[in-house]
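Participant: Before we start, here is the structure in question, set down as structure tokens.
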């Protein structure tokens, strides 16, 4: 049971960085997709296909950021965890687990970039099928590495890495390795309309990494997105802080990890709505259809509100020990986590609505607007209040 909890902690360390970089890619695609097709009308057969240039540039820039992080994980993160006040056992297990997850971090970054790009290209079914393939293989791979190979709880890390790597490989194999995939890609990029019949790599890759102005434009669009996603970093800090509570820091840390995992699971539903809404709003605005963009925005918020309200109701009215028992059989850990479920049921409703509202801002290309809101809500109010309630008012105790 404790191995599973450590796995969740390690996975929570990986996710915010990967998705914040990937989310920044989404913003740049929304802003550039409308002009891409217009520019392509003047291209010759040997000219770079601009959507591919943007894709390769996004992958290149993200790997520049995440490869050093993965290398640091491979080197060992235990000294940092000990410095942050985590226990010896937890730090050792997290270090072991993160070493196995490092290739998965790189695969996740590529997967998120490619998924966002395909959604903007209106090929959302491709990442959906690749995710389904990954899910179908995930349980057998866990069984293989945990029980057959005999890696125990570390086998979960290997299976998770395989899950993250398989998805981008499957998407690239379909898009560039099959005739049907190539035709669909050329058509949706607008390249088929100007006579392109094949996909190239080196031409677009060279254009992607050699344009300093293009790289600067990408980063300028990405920085507000990174700051917006910093709310996830605030959540990670709360997990670290829980490891400093007494007299049962391990139970507190495990409880916060399960809490955050349940929160992430509930978040996926409105998050999916927001991704579709953002792409739809951006495309509608790009085509000059402001009324259609407004309707898409309303549908996005309403659907996200309904979904998050359903998830919050399920959490609140289901026995509060039910979902934590999925993660562990430890009675003390289940009891402590169950005390946080009522708060979580309220949080997921507000979180679901805000991600839909955030999607509207992204679709408009105005993500900088949300930066002061996020900084104020999480860093000026949220984290200091969490510190005060946990360590000042309650004396840093789990009782």
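Participant: For segment 202-231, give me each residue that is in contact (Cβ under 8 Å) with a residue 24 or more places away in the chain and either under 13 Å from residue 61 (Cα atoms) or outside any helix (DSSP H, G or I) (or both).
Facilitator: 205, 208, 209, 211, 214, 215, 217, 218, 219, 221, 222, 223
Participant: Exactly one of these conditions fails for residue 344: (1) surrounded by 15 or more Cβ atoms within 10 Å (Cβ to Cβ); (2) more than 26 Å from the chain's Cα centre (by Cα). Give me its number.
Facilitator: For residue 344, the failing item is (2).
Participant: Residues in segment 155-164: is at least one in a helix (DSSP H, G or I) and within 25 Å of residue 276 (Cβ to Cβ)?
Facilitator: So far as segment 155-164 goes, yes, one or more of its residues are in a helix (DSSP H, G or I) and within 25 Å of residue 276 (Cβ to Cβ).
Participant: Further question: If I filter segment 147-158 for residues that are in the same structural domain as residue 177 (by TED's automatic domain parsing), on the phi > 0 side of the Ramachandran plot and without any contact (Cβ under 8 Å) to a residue 12 or more places away in the chain, do I get at least one hit?
Facilitator: For segment 147-158, residues in the same structural domain as residue 177 (by TED's automatic domain parsing), on the phi > 0 side of the Ramachandran plot and without any contact (Cβ under 8 Å) to a residue 12 or more places away in the chain: present.
Participant: Would you check if residue 395 is in a loop (DSSP other than H, G, I, E, B), under 30 Å from residue 292 (Cα atoms) and modelled with pLDDT under 90? Talk me through it step by step, then tell me what you get.
Facilitator: Details: in a loop (DSSP other than H, G, I, E, B): yes; under 30 Å from residue 292 (Cα atoms): no; modelled with pLDDT under 90: yes.
Spelling it out, it is not the case that residue 395 is in a loop (DSSP other than H, G, I, E, B), under 30 Å from residue 292 (Cα atoms) and modelled with pLDDT under 90.
Participant: Another question, if that's okay. If the requirement is being assigned to a helix (DSSP H, G or I), without any contact (Cβ under 8 Å) to a residue 40 or more places away in the chain and either over 20 Å from residue 58 (Cβ atoms) or touching a helix residue (DSSP H, G or I) at 6+ places or on another chain (Cβ under 8 Å) (or both), which of these qualifies: 183, 119?
Facilitator: Selected residue: 183, the only one of 183, 119 that is assigned to a helix (DSSP H, G or I), without any contact (Cβ under 8 Å) to a residue 40 or more places away in the chain and either over 20 Å from residue 58 (Cβ atoms) or touching a helix residue (DSSP H, G or I) at 6+ places or on another chain (Cβ under 8 Å) (or both).
Participant: Could you tell me whether segment 222-240 includes any residue that is surrounded by fewer than 18 Cβ atoms within 10 Å (Cβ to Cβ) and farther than 30 Å from residue 389 by Cα?
Facilitator: Yes, some residue in segment 222-240 is surrounded by fewer than 18 Cβ atoms within 10 Å (Cβ to Cβ) and farther than 30 Å from residue 389 by Cα.
Participant: While we're looking at this one, here's another question. Taking the residues in segment 293-324 that are over 21 Å from residue 342 (Cβ atoms) and touching a helix residue (DSSP H, G or I) at 6+ places or on another chain (Cβ under 8 Å) as candidates, determine which candidate is surrounded by the fewest Cβ atoms within 10 Å (Cβ to Cβ).
Facilitator: Residue satisfying both the conditions and the ranking: 299.
Participant: Only one of (1) assigned to a loop (DSSP other than H, G, I, E, B); (2) farther than 30 Å from residue 221 by Cα is not met by residue 309, so which one is it?
Facilitator: Here residue 309 meets the rest and fails (1).
The values are calculated or read from the model by the stated rules, or taken from the named source; none is laboratory data. As the structure is a prediction and not an experimental result, all values here were calculated from the model. All Cβ positions, glycine included, derive from the backbone under ideal geometry; neighbour counts span all protein chains shown.
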